[in-house]
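Presented below is the structure to which this report refers.
The values are calculated or read from the model by the stated rules, or taken from the named source; none is laboratory data. Everything numeric here is computed off the predicted structure, so don't read it as measured data. Cβ placement follows ideal geometry from the backbone for every residue including glycine, while neighbour counts extend to all protein chains displayed. Ligands, DNA and RNA are stripped out before the accessible areas are found, and what is left, the full protein with its side chains, is counted by its heavy atoms. Shrake-Rupley method; radii C 1.70, N 1.55, O 1.52, S 1.80 Å.
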Amino acid sequence: MKDLEKLAAECTAELEAIGIRCGSVRSWSVNRRAKSRWGQCRPAARGVFDIEISERLLGDEVDEIAVKTTIIHELLHTVDGCLGHKGKWRLLAELVGREYPQYQIKRTSSCEEKGLSQLSQEEKPWGEAPLSQAALTRQARYRITCTGCGVQAYRQRASKLIRRPEDFRCGRCGGRLKVEMRVI
């Protein structure tokens, strides 16, 4: 497994070398549950942040450039005025790409871009195929099926739709919705 702290220090130094001053990172942690994101930057206080990186990225089979691209992506969020993916963040991402062509900083990236395969059949939320990309990358607890046209949707949380499906209709055909809970 790759050393997250070492890679983070290298990325911070590379950003400082091109004049990008990052905010203070209070903690770096490995997210062992993340299926639909590579990293996350959360503000802890003014100018202080907590950053998580997905455990899937830190495996020995993943190219170091793919990991550092995600770390730099998250570090750019610590720059003042860069919590989103527009404006200043986008300009800084483009600057990094010009100065370090090996890093292609984008808002999102796929498993293939990171050199990883899709989730295995056992890791898929409902153990069947085909599922939407969003459903493949997270552990859905609920499956909503239209009794009219058969379209399916997946949800992680017990929203109003999950609690009272009789109050909702299919957006495609107007049919009734059926909710199934995945047994863990």
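Per the listing G84, G39, the residue uniquely of a type in the set (G, A, S) and in contact with a Ser or Thr (Cβ under 6 Å, 6 or more places away or on another chain) is G39. Output the residues belonging to the range 1-56 that are touching a Lys or Arg at 6+ places or on another chain (Cβ under 6 Å) and hydroxyl-bearing (S, T, Y). Of everything in the range 1-56, just one residue is touching a Lys or Arg at 6+ places or on another chain (Cβ under 6 Å) and hydroxyl-bearing (S, T, Y), namely S36.
Within the range 12-46, being under 21 Å from C111 (Cα atoms) and either touching a helix residue (DSSP H, G or I) at 6+ places or on another chain (Cβ under 6 Å) or aliphatic (A, V, I, L, M) (or both) holds for V30, R32, A34, W38, G39, C41.
Considering only the range 1-22, state which residues are under 11 Å from T78 (Cβ atoms) and surrounded by fewer than 18 Cβ atoms within 10 Å (Cβ to Cβ). Within the range 1-22, R21 is the sole residue that qualifies. Here's a check for you: in the range 111-158, which residue that is loosely packed, with under 11 Cβ neighbours inside 10 Å and of a type in the set (S, T, Y) is modelled with the lowest pLDDT? Going through the qualifying residues, I end up with S120. So, of the residues in the range 49-72 that are outside any helix (DSSP H, G or I) and open to solvent by less than 40 Å² (accessible area, probe 1.4 Å), which turns out to be farthest from A140 (Cα to Cα)? Step by step, filter the range 49-72, then rank; the result is F49. Sub-9 Å Cβ pairs linking a first residue in the range 77-92 that is touching a residue at least 40 places away in the same chain (Cβ under 8 Å) and part of a loop (DSSP other than H, G, I, E, B) to a second residue that is among the basic types (K, R) and open to solvent by 30 Å² or more (accessible area, probe 1.4 Å), at least 6 apart or interchain, are V79/R21; V79/K88; D80/R21; D80/K88, ordered by first then second residue. Looking at the range 73-88 only, could you name the residues that are among the acidic types (D, E) and open to solvent by less than 20 Å² (accessible area, probe 1.4 Å)? Listed by number, the list holds a single entry, E74. For the range 27-37, the condition holds for no residue, the condition being that it is of a type in the set (S, T, N, Q), over 19 Å from the mean Cα position of the chain (by Cα) and farther than 15 Å from V62 by Cβ.
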